[in-house]
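This report concerns only the one structure given below.
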Amino acid sequence: MADLSVERWRQQGNVAMWQIRDDRDPRWNLSADESGCKSLENLFGLMQVAKWPSKVTVELTQPTVTANGAGVDLRFAESVVLKFPVDRVPDDHWQIAGNDQPAISFGRQRLAEFKSAMVDICSGNGDYAIGTETDGLWLWWWVAGT
């Protein structure tokens, strides 16, 4: 069974996710414009009160300018699957799996952390990671004109 309020959620704004094509740093990076941040913040709020597990696919944008501004070779994802198994995993559960289409699975504590990060990005704060040391998601503010 799925949570209807989460199923009814519709994405707004732009969200981008990428990796640097370098085996030394396999972490994923995420950025979103103001509408994208607020849309994800809304989704995470719905997930926080959900009684049933949630699984949502977020369509991603490939920006013309990346948040890190570095002239490095980047691999962009076309979509990301966000999974919230409610109480079926520990609260601090966090896992990013997949290369071309990443999937992020998280527990309640990590969901709250992810929601808070969207508020930060929307406020112009970033350049930090959430998740775990081995499976971190690096967060960046949205660069105007992307």
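The values are calculated or read from the model by the stated rules, or taken from the named source; none is laboratory data. Quick caveat: nothing in here was measured; it's all calculated off a predicted structure. Here Cβ is always computed from backbone atoms with ideal geometry, including for glycine, and neighbour counts include all displayed protein chains.
For region 2-46, filtering for residues that are closer than 20 Å to VAL119 by Cα and among the acidic types (Asp, Glu) leaves 3. For region 137-146, what are the residues that are at pLDDT below 90 and within 14 Å of the chain's Cα centre (by Cα)? Answer for region 137-146, where residues must be at pLDDT below 90 and within 14 Å of the chain's Cα centre (by Cα): TRP141, TRP142. Of all residues in region 9-44, those being surrounded by 19 or more Cβ atoms within 10 Å (Cβ to Cβ) and part of a strand (DSSP E or B) number 10. For region 106-146, a tally of residues being crowded, with 16+ Cβ neighbours inside 10 Å, touching a Ser or Thr at 6+ places or on another chain (Cβ under 8 Å) and of a type outside the set (A, V, I, L, M) returns 4. Considering only residues that are polar (S, T, N, Q) and closer than 17 Å to VAL15 by Cβ, look in region 97-132 and name the one that is modelled with the lowest pLDDT. Among those that are polar (S, T, N, Q) and closer than 17 Å to VAL15 by Cβ, it is GLN101. For region 84-99, filtering for residues that are under 11 Å from TRP28 (Cα atoms) and either crowded, with 18+ Cβ neighbours inside 10 Å or more than 13 Å from the chain's Cα centre (by Cα) (or both) leaves 3.
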